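K.L.:
So that we are looking at the same thing, I have put the structure below in structure tokens.
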Amino acid sequence: MFEQSFKNIDNILHTDSGCGTELDYVEQTSWILFLKYLDDLEETKRIEAALAGKVYDHILMPEYTWDSWACPKGSDGKLDHNKALDGDDLKDFVDHKLFPYLKKFKAEEPNTIEYKIGEIFSELKNKISSGYKLREILNIVDGMHFRLYEEKHELSHLYEAKIKNMGNAGRNGGEYYTPRPLIKTIVKVVAPKIGDTIYDGACGSAGFLVEAYNYLTQNQSELSSSQMDTLQNNTFYGKEIKSLAYIIGIMNMILHGVEAPNIRHMNTLSQNINEIQEKDRYSIILANPPFGAGIGREIQQNFPIKTGETAFLFLQHFIKILKAGGKAGIVIKNTFLSNTDNASVSLRKLLLENCNLHTVLDLPGGAFQGAGVKTVVLFFEKGAPTEKIWFYQLNLDRNLGKGQPLSEADLAEFVELQKTKTNGDNSWSIDIKNIDQSTFDLSVKNPSKGDEVALREPKDIVEEIKRLNEEAEQTLKEISKIL
């Protein structure tokens, strides 16, 4: 239904001087789609209210509704060209009236449309420089609808494809796109149930939350109205700091069937983890936190283990915010298992003492396109210390890349063996009492590979050198201040 429409929109944006990248295409398409979705939602609620003999109180003032400014219709149901703004008039209205109006929407609860409107339009701006091209796009989007299941289903797949393309656009692709076969596999192993609260504190495009929703809805023969209400309102929670990722995550969940996702636009690491209370905790955590050094001392003060590595701060946050008995599946750089700096050793000790790290999935290089780092997935449950860890090393007979991406079939053996923690050519177990109790080194060393040493990727080594240099420079500055 809508594939050609998406292509036409991209072609128009490609010729506009204000949009230069795939990231811009997705961003600009997203805010327009959101306003069309909001219009369809308001119409649905108006009809429901009328059938119940009630009057629906619209969210937007009349002059800011879709049918007023975007695509006003005549009595024949077609675009009224006499009323429809175009060119500079349209651009001026969007930039100087529509966006300022929408920015003013605020609400305390993130699971409200009002919250989404205020957050999205407080951070974004219209980058489409030509009002005439904006008119063309509005006319195309006007033909898209969010009312029928089939419409939402196709839009969700097309939107997912756009996110994937965006994820492959440039070196920071991993910020927006975690390979879906990997996410699906992590969700299968963690196996959430309806009634669980599922959290991703670095949700990006909301891939983990979307796949968890799909898992819970597809693995039930028939959901009751109360179960659907639970899934809609009290199951999925996320936080995201970046504006573009935030709006994409919102749109992704909406298109997959969650009307008003509980996603907050904020810096997760800005919260002191000592302030986390029982009411703040979640029963399931699924995440691929961002990697990279350079976190300032002000943010580090929110954590007992001080480190400039972003992912290590997120891991502390996840351990703290997970409920007792809760389960987690978290992607992290493989250097976490073997780094010898104080923060890495302390963090491994914290994880092993507070959680049962029962499974480690070791992924090959190239699993994340454009990311350039090797990763592992940590599966753990909170509430009991680790006694034994089952490792699985994904060894493939091909190099992963854009032409040969990771697939669910690649991970099928892992999913099956993980159920019983079976040892084999690619899997083995270690007892915690047998590891070095001073370093808690958990390096991936497959015993079936003989004396082969699990070497780190050169890029990882260079990254660690840079990080250590930055830490040393910071230490010298502090010493200089004292002197």
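K.L.:
Does the range 334-353 contain at least one residue that is within 25 Å of ALA384 (Cβ to Cβ), touching a Pro at 6+ places or on another chain (Cβ under 7 Å) and part of a helix (DSSP H, G or I)?
P.N.:
Within the range 334-353, one or more residues are within 25 Å of ALA384 (Cβ to Cβ), touching a Pro at 6+ places or on another chain (Cβ under 7 Å) and part of a helix (DSSP H, G or I).
K.L.:
Somewhere in the range 404-412, is a residue in a loop (DSSP other than H, G, I, E, B) and modelled with pLDDT of 90 or more?
P.N.:
Yes.
Yes/no per residue for (1) surrounded by 13 or more Cβ atoms within 10 Å (Cβ to Cβ); (2) within 22 Å of the chain's Cα centre (by Cα):
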{"position": "ARG46", "(1), (2)": "yes, no"}
{"position": "PRO62", "(1), (2)": "no, no"}
{"position": "HIS81", "(1), (2)": "no, no"}
{"position": "ASN111", "(1), (2)": "yes, yes"}
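K.L.:
Would you mind finding the one in ILE330, ILE299 that is of a type outside the set (Phe, Trp, Tyr) and either in contact (Cβ under 8 Å) with a residue 40 or more places away in the chain or part of a loop (DSSP other than H, G, I, E, B) (or both)?
P.N.:
None of the other options fit; the residue is ILE330.
K.L.:
What residue, of GLY401, GLY424, is in contact with a Gly (Cβ under 8 Å, 6 or more places away or on another chain) and either of a type in the set (Ser, Thr, Tyr) or assigned to a loop (DSSP other than H, G, I, E, B) (or both)?
P.N.:
Result of the check over GLY401, GLY424: GLY401.
K.L.:
For residues that are outside any strand (DSSP E or B) and hydrophobic (A, V, I, L, M, F, W, C), scanning just the range 184-204, find the one that is surrounded by the most Cβ atoms within 10 Å (Cβ to Cβ).
P.N.:
First pass over the range 184-204, keeping only residues outside any strand (DSSP E or B): 184-193, 195, 197, 201-204.
Narrowing further to those that are hydrophobic (A, V, I, L, M, F, W, C): 186-187, 189-191, 202-203.
Working: ILE186: 25, VAL187: 23, VAL189: 19, VAL190: 23, ALA191: 12, ALA202: 24, CYS203: 30.
The extreme case among them is CYS203.
K.L.:
Taking the range 241-262 as the search range and keeping residues that are under 10 Å from the mean Cα position of the chain (by Cα) and over 15 Å from LEU155 (Cβ atoms), which one is surrounded by the fewest Cβ atoms within 10 Å (Cβ to Cβ)?
P.N.:
My answer is ALA245.
K.L.:
Name every residue in the range 217-244 that is closer than 20 Å to GLU381 by Cα and either hydrophobic (A, V, I, L, M, F, W, C) or out of contact with any strand residue (DSSP E or B) (no Cβ under 7 Å at 6 or more places or on another chain) (or both), in order of residue number.
P.N.:
PHE236
K.L.:
Something else now. Can you pull out every residue in the range 93-129 that is at pLDDT below 95 and among the basic types (Lys, Arg)? Spell out how you get there, then give the answer.
P.N.:
Initial filter on the range 93-129 (at pLDDT below 95): 103-125.
Answer for the range 93-129, where residues must be at pLDDT below 95 and among the basic types (Lys, Arg): LYS103, LYS104, LYS106, LYS116, LYS125.
K.L.:
Is it true that some residue in the range 130-147 is assigned to a helix (DSSP H, G or I), at pLDDT 90 or above and out of contact with any helix residue (DSSP H, G or I) (no Cβ under 7 Å at 6 or more places or on another chain)?
P.N.:
Within the range 130-147, one or more residues are assigned to a helix (DSSP H, G or I), at pLDDT 90 or above and out of contact with any helix residue (DSSP H, G or I) (no Cβ under 7 Å at 6 or more places or on another chain).
K.L.:
Can you name every residue in the range 10-41 that is more than 20 Å from HIS256 (Cβ to Cβ) and part of a helix (DSSP H, G or I)?
P.N.:
Passing the criteria: ASP10, ASN11, ILE12, LEU13, HIS14, GLU22, LEU23, ASP24, TYR25, GLN28.
K.L.:
So for the range 273-281 (the condition being touching a Ser or Thr at 6+ places or on another chain (Cβ under 9 Å) and of a type outside the set (S, T, N, Q)), does at least one residue qualify?
P.N.:
Checked against the condition, which is being touching a Ser or Thr at 6+ places or on another chain (Cβ under 9 Å) and of a type outside the set (S, T, N, Q), the range 273-281 yields at least one hit.
K.L.:
Restricted to the range 263-318, and to residues that are under 20 Å from the mean Cα position of the chain (by Cα) and among the basic types (Lys, Arg), which residue is nearest to ARG147 (Cα to Cα)?
P.N.:
Across the range 263-318, the extreme among qualifying residues is ARG264.
The values are calculated or read from the model by the stated rules, or taken from the named source; none is laboratory data. Not measured: the values here are computed from a predicted model. We place every Cβ from the backbone using ideal geometry, glycine too, and count neighbours over all the protein chains shown.
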